[in-house]
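FYI, it's all coordinate maths here, none of it is from the lab. Every value quoted in this text rests on a predicted model; they were computed, and no experiment measured them. Neighbour counts run over all protein chains shown; Cβ positions are idealised from the backbone, glycine included.
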Amino acid sequence: MIVTPYDKFLFHVQLIFEEKRLKTFKEWPFDDDKPCSAQKLAEAGFYFAGSAADPDAVQCFLCDKALDGWDEEDDPWEEHLSHSENCEFAKLKQHEAALTYEQLTNFKKQLLIKSIKKCAEELKRDVDDLYNARLHKIKKFVRALKSRIAI
């Protein structure tokens, strides 16, 4: 399955909503009554990004900050801010219900801009690769011509 930046954008847009983020936490090592519960992580903007080898890895839907190594007493908001001080979501430190329409729209705009930049980076890499492959073929052809002319 090919995952494009647009697919990632659509995935992250869904994760603007806490309920969607919470659904990604199928298994979480800490109970709901702990400060570092799945609910608290989802409130702080994180979705589950772990695996069997990394069972407590999470990532922010907006700034993409990935964190693991959680302790059950960790405060997800504080950890988010301390590791990603420029995250617009973490800086607000607000529950979803307190967010305004403008704030939610701004998050979607930021995700779209990030997606467009990633698309442009991928396109540039593809064009650079194509250019370098063509250049290599041209140089090889020129060397072959030179060797034939020298004979």
Among residues of the stretch 78-109 being in contact (Cβ under 8 Å) with a residue 24 or more places away in the chain and aromatic (Phe, Trp, Tyr), the residue nearest to residue 9 (Cα to Cα) is 107
Exactly one of 118, 146 is charged (D, E, K, R), in contact (Cβ under 8 Å) with a residue 60 or more places away in the chain and part of a helix (DSSP H, G or I), and that one is 118
Residue check: is residue 10 aliphatic (A, V, I, L, M), buried (at least 18 other Cβ atoms within 10 Å of the Cβ) and either part of a loop (DSSP other than H, G, I, E, B) or under 17 Å from the mean Cα position of the chain (by Cα) (or both)? no
If you go through 62, 92, 67, 111, the only one that is over 22 Å from residue 7 (Cα atoms) and buried (at least 16 other Cβ atoms within 10 Å of the Cβ) is 67
Practice prompt. Restrict the check to the stretch 9-29 and report whether at least one residue is over 26 Å from residue 98 (Cα atoms) and touching a Phe, Trp or Tyr at 6+ places or on another chain (Cβ under 6 Å).
Written response: no
Given the conditions (1) outside any loop (DSSP other than H, G, I, E, B); (2) charged (D, E, K, R); (3) surrounded by 14 or more Cβ atoms within 10 Å (Cβ to Cβ), every one holds for residue 102 apart from (3)
Taking the stretch 38-51 and keeping only residues that are of a type in the set (Gly, Ala, Ser) and surrounded by 18 or more Cβ atoms within 10 Å (Cβ to Cβ), one is left with 38, 42, 44, 45, 50
The condition of being in contact (Cβ under 8 Å) with a residue 40 or more places away in the chain and among the acidic types (Asp, Glu) holds, among 129, 75, 54, only for 75
Residue count, the stretch 13-58, condition of a type in the set (Phe, Trp, Tyr) and part of a helix (DSSP H, G or I), comes to 0
Taking the stretch 114-138 and keeping residues among the aliphatic types (A, V, I, L, M) and either in contact with a Cys (Cβ under 9 Å, 6 or more places away or on another chain) or surrounded by 11 or more Cβ atoms within 10 Å (Cβ to Cβ) (or both) leaves 116, 120, 123
